Amino acid sequence: MPNIAAPLFTTVIVNPDGTMTDQFRAWCQAITRLDIIIGSGSPEGVISAGVGRLYLDEDAAAGSVLYIKRDSDLLLDPKDGWKLV
C-alpha cells in the first residue's frame, strides 16, 4: 500500500479561479487509485485501469471474486491484463 500523506492544513487546494491546484489534483488522483472497482463479470477486456488496481466481481462464485490489474505496461489495450487472485 503506498504511503499517501494528507495535505497539510496550510496547503492551498484551490486556485484563485476556483479550480483545483495541481498538487491537490495529484493527491486526489492518488487516493482514487486506491479504491476497489466493483462490477459484474470479469474485467478483462472491459475495464481500463492502471497496474495494481483491484476489481471485485460482485456476482462471482467463491474463488473467482477478486482480480488485480497487471501487465498493462506490456499491452496496448489498457482494458487487458487483469489476473484472478
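See the values below:
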quantity	calculated
Positive-end residue of V65, V85, S40, charge dipole of the chain with Cβ unit charges	V85
Charged-residue dipole, Cβ positions (Lys, Arg, Asp, Glu), the chain about Cα centre, Debye nearest 20	220 debye
Pairwise label distance in nanometres, L66 with I13, each label 7 Å out on the Cα-Cβ vector	2.9 nm
The chain: most fluctuating residue of V12, V65, V51 per GNM, C-alpha cutoff 10 Å	V12
Fluctuation leader among G41, G18, G63 - the chain, Gaussian network, Cα springs under 10 angstrom	G18
[x] -0.61, -0.72; [y] -0.42, -0.55; [z] -0.57, -0.69, with the label sought being that of the calculated log10 I(q)/I(0) by the Debye sum over Cα atoms at q = 0.14, 0.16 Å⁻¹	[x]
Highest-MSF residue in the chain out of I68, I13, I31 [GNM, Cα springs under 10 Å]	I13
Note, ³J(HN,Hα) from phi for the range 12-18, Karplus 6.51, -1.76, 1.60, rounded to Hz, x at Gly and Pro	6, 10, 10, 6, x, 8, x
Calculated [θ] (222 nm, deg cm²/dmol) that DSSP helices of n ≥ 4 give over the chain, each run adding -39,500 (n - 2.57)	-4000 deg cm²/dmol
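Where a number appears in this text, it was derived from the coordinates with a stated rule and is not lab data. Worth saying up front: this structure is predicted, and the values here are computed from it rather than measured. Counting neighbours? That spans all protein chains shown, and the Cβs are built from the backbone with ideal geometry, glycine included.
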